[in-house]
């Protein structure tokens, strides 16, 4: 019998309540963020990547004396569940006055309109992309000509730098207050724990690092001996630390020239 996400979450919640543990006690023992614990017990498994959530499930299972292998099997069945397609149903009378239901599928004309709309959006996006590329090339060409006229050598690497290149990066995190932190190097989790107030940790890498923080405002970031400010507050995911700068989503917190 397939386990639903809510049923899997209830297994953890009931086991925790049977052991008379609070959510805060679970966090202290497992070093998991309270949001992660509550999501697991609510059956919400799609906020984190599959690799991370499986690690948290094993850790939580061990604390509650549940069988990690059976829990992961149930999770795999939950993750494999795809949402059922939604149809509009039209009621039609059948024999003997009974009501019959049939899915109301889009007509051929509707499908054509949907396809035209999708292609229009794709075309608009492509126009914006190509327009941006042309503007960038024109701007670079103008700068090169101006520099050449002035007898100045142009550093084309600086002009063309759109995304940070790979290179040595040193990251130091200092906890101004107690905070949960996860540092990833590629697909590998380098650190996932709570930093106590006043504690500092340093990581060195030849490739970009990714940081997740429970409360980013409680951390001081120092990258390649530069103190970084202006980061968002609260729960912040995917802070990319590279030799080219610090980026949160599509926004730059700092650029290194």
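By per-residue mean of other Cβ atoms within 10 Å, what is the highest-first order of 128-134, 68-74?
The peptides rank, most packed first, as 68-74, 128-134.
Please tell me the relative contact order of region 169-255 in percent, rounded to the nearest whole number, where contacts are Cα pairs under 8 Å and at least six residues apart.
The normalised contact order for region 169-255 reaches 30 percent.
Sort 218-230, 111-123 by the packing proxy (mean of other Cβ within 10 Å over each peptide's residues), most packed first.
Result, highest mean first: 218-230, 111-123.
Could you give the length gained on full extension between residue 178 and residue 131, defined as 0.36 nm per residue of separation minus the Cα-Cα distance, in nm?
12.2 nm
If r is the Cβ-Cβ distance from residue 217 to residue 255 and R0 is 25 Å, what FRET efficiency results, to the nearest 0.05?
Efficiency for this residue pair is about 0.70.
Round to the nearest 0.05 the FRET efficiency obtained for residue 25 and residue 66 when R0 = 22 Å and r is the Cβ-Cβ distance.
Approximately 0.85, to the nearest 0.05.
Sort 57-65, 32-40, 198-206 by the packing proxy (mean of other Cβ within 10 Å over each peptide's residues), most packed first.
Per-residue mean Cβ counts within 10 Å order the peptides as 32-40, 57-65, 198-206.
Roughly what would the spin-label model give for residue 191 and residue 47, points 7 Å off Cα along C-beta, in nm?
2.3 nm
Report the FRET efficiency, 1/(1 + (r/R0)^6), for residue 224 and residue 115, where r is their Cβ-Cβ distance and R0 is 45 Å, rounded to 0.05. Each step should come with its number before you reach the end.
Details: r = 49 Å, r/R0 = 1.10.
The formula returns an efficiency of 0.35 here.
Any read-out appearing in this document is the output of simple, stated calculations on the displayed coordinates, not a laboratory observation. As the structure is a prediction and not an experimental result, all values here were calculated from the model. Positions of Cβ are backbone-derived with ideal geometry, glycine not excepted, and every protein chain shown enters the neighbour counts.
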